[in-house]
Every structure is written in C-alpha cells, then in structure tokens.
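The values are calculated or read from the model by the stated rules, or taken from the named source; none is laboratory data. As the structure is a computational prediction, the values presented were derived from the model and not from experiment. So basically every Cβ, Gly included, is an ideal-geometry build from the backbone, and we count neighbours across all protein chains shown.
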Amino acid sequence: MEELIPIFFFLCVAGVLIFRPVTKRLGLLLEEMARDRRAMRSGEGAQMERVATLLERMNTRLELLEDRVEFVERLTDGQTRNRSRLSRVAD
C-alpha cells in the first residue's frame, strides 16, 4: 500500500504539468469569446440606437412633407374655386 503513495503523487504532478497549460489556454479562449459576445451586444445596441435616430428623422421629414403637400393642395383648391367664381361672374 505504501508503494502506491509515490506513484499516486507522481501521477498527480504529471497531470497538473500536462493539463495546466491546456486549461489555461481554454480559459483564455473562453474569456476572449465572452469579450467578443459583449462587444457584439454593445455594437448591436449602438446600431439599434442609430436606426432609431434615423427613423425619428425620417418621421419628422415625412410629417413636414405631409404639411407641405396639404398646404399646396389647399392652395390649388382655392385657386380652382376662384377660377370657377370668375368664370361664373364672366358669364
């Protein structure tokens, strides 16, 4: 039984020497993957913010365009009324 103690100790030391570099690299790889995920999420958040800003600008411009079209329609409608009044008066 006492002969197994040095063998067990040798196996433990060998296991640490062999597996420590592997586990260290694995840990570094996992940390890098986590950093990449966080960067992607923050990049997506920034992109969504830009899209929201662009949509707000487009909405504002569309409302302004609608106001202008409505103004022109009222203006042209008024002109056609005046023409019809003038044609009736001339008759």
For GLU49, indicate whether it is within 17 Å of the chain's Cα centre (by Cα) and assigned to a helix (DSSP H, G or I). yes
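A quick yes/no check of all residues on (1) of a type in the set (Gly, Ala, Ser); (2) part of a helix (DSSP H, G or I); (3) surrounded by 10 or more Cβ atoms within 10 Å (Cβ to Cβ); (4) modelled with pLDDT under 90:
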site	(1), (2), (3), (4)
VAL22	no, yes, no, no
ARG25	no, yes, yes, no
LEU29	no, yes, yes, no
ARG37	no, yes, yes, yes
MET58	no, yes, yes, no
PHE71	no, yes, yes, no
